[in-house]
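What follows is one structure encoded as structure tokens, with my remarks underneath.
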Amino acid sequence: MNPQIRTIADLDRVIHEPGRLMLMALLFAVDRSDFLYLQHETGMNKGTLSSHLSRLEEAGYVEVEKTYRGKVPQTLLGLTAAGRQAFEQYRRNLRGAL
Amino acid sequence: MDEIESLLNRPKAYYNIDGVGELAMGFMCLAYSLLGWLQANAPKGSIWHGMPAFMIYVGSMCLILHYGPKAIKKRITYPRTGFVEYPKRDTLWRPMILGAVVSAALSAGLMVGLRRHWNMTTPAALIGLLFAASYAYGIARIGMARWKWAVVCVVALGSVAIAVLPADVVGALAGHSSVRGAFLLTFMLYGAVLLVSGGISFWLYLRHTEAPAPEAQ
């Protein structure tokens, strides 16, 4: 197989989906953020955002912490070490493919 | 690839989405210039020349700078558009401190190199232009609103205007020392411009955002 095509085939499909790619990029640049911030920045509705985050959590890329801000429940999200590594690898592969 | 890079810069722009960063910087510049003006114009023996007043003033200013933005973020920004915890390495303090040190070193070098011209106001203008350049770099790098370029122009033009003002006019501000007067004017200019810019950002933020219903969390 042509090496460039091989690089495209090697792209991480969990991250490659546009919605999840947005989330990974936003979370990569911060330590942690809450659900509301991701919703505000991506413009996704709650259901779509939850679904993407669950997929990323299943893959071990995102860790979710349920906490409270005063009396209001707050969901804090951050990339795991594996998530950071996977995103860096994805960027390298994408650069290589382009 | 560019879209990914732009997304990676979004959290940096988010820090000043409410204008609080600029409000804090503007407050700091105005507070320092007020202190400088008081020290230059207060009569001899006034409390403003003593160390205790200086320590209390600077201590109060630091407390306001530390807790003020945090309180605004906690009560207004986080409930409206969400909470972000930044990695330590990504704070803006390092480049800001570096910029201040470089500016101070350049001005000191210029003043020492031209000892016969102690009354010159060029160092203040030089710092103003450096400040405008670093602000412009920030706008371009993190993609702030386009109208922020007006801030760059006002600071750059204001700094040049201060440099060409007659020395006695500038000196009248600060006990007939034109260099001190120029620095006071420069800090007042930064403070006023940043406060206005931060205030506009804050007003626009309040106008365009509202806290979601409680179940959204």
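Quick note: the coordinates plus some simple rules give every number you see, no bench work behind them. No experiment lies behind these values; they were computed from the predicted model shown. Methodologically, a virtual Cβ is constructed for each residue, glycine included, from the backbone with ideal geometry; neighbour enumeration extends over all protein chains shown.
Please give the per residue volume of the convex hull enclosing the alpha carbon atoms of the stretch A:44-98, rounded to a whole number of Å³.
Once divided by residue count, the hull of the stretch A:44-98 is 103 Å³.
May I have the pair-distance distribution P(r) for the stretch B:32-84, computed from all Cα-Cα distances with 10 Å bins from 0 and rounded to whole percent?
22, 33, 20, 16, 8, 0
Kirkwood hydrodynamic radius of chain A from all distinct Cα pairs, in Å?
14.2 Å
By what distance, in whole Å, do the Cα atoms of the protein assembly as shown stretch along each of the three principal axes, largest value first?
76, 53, 32 Å, listed from the longest principal axis down.
Between the stretch A:16-34 and the stretch B:1-50, how far is it from one alpha carbon centroid to the other, in angstrom?
Going from one Cα centre to the other spans 30 Å.
Averaged across A:38-49, how many Cβ atoms of other chains sit within 10 Å of each residue's Cβ atom? All intermediate terms of the calculation are to be shown ahead of the outcome.
On the way: counts 2, 5, 7, 7, 2, 0, 0, 0, 4, 0, 0, 0.
Rounded to a whole number, the mean comes out at 2.
Using the structure shown, select from A:LYS66/B:LYS148; A:LYS46/B:LYS148; A:LYS66/B:LYS12 the pairs with a Cα to Cα distance greater than 30 angstrom.
Too far apart for the 30 Å limit: A:LYS66/B:LYS148; A:LYS46/B:LYS148.
Averaged across A:61-67, how many Cβ atoms of other chains sit within 10 Å of each residue's Cβ atom?
Average per residue, whole number: 0.
Put +1 on the Cβ of each Lys and Arg and -1 on the Cβ of each Asp and Glu in the protein assembly as shown; which of B:ALA163, B:ALA13, A:LEU77 then has its Cα farthest toward the positive end of the dipole?
So the residue furthest toward the plus end is B:ALA163.
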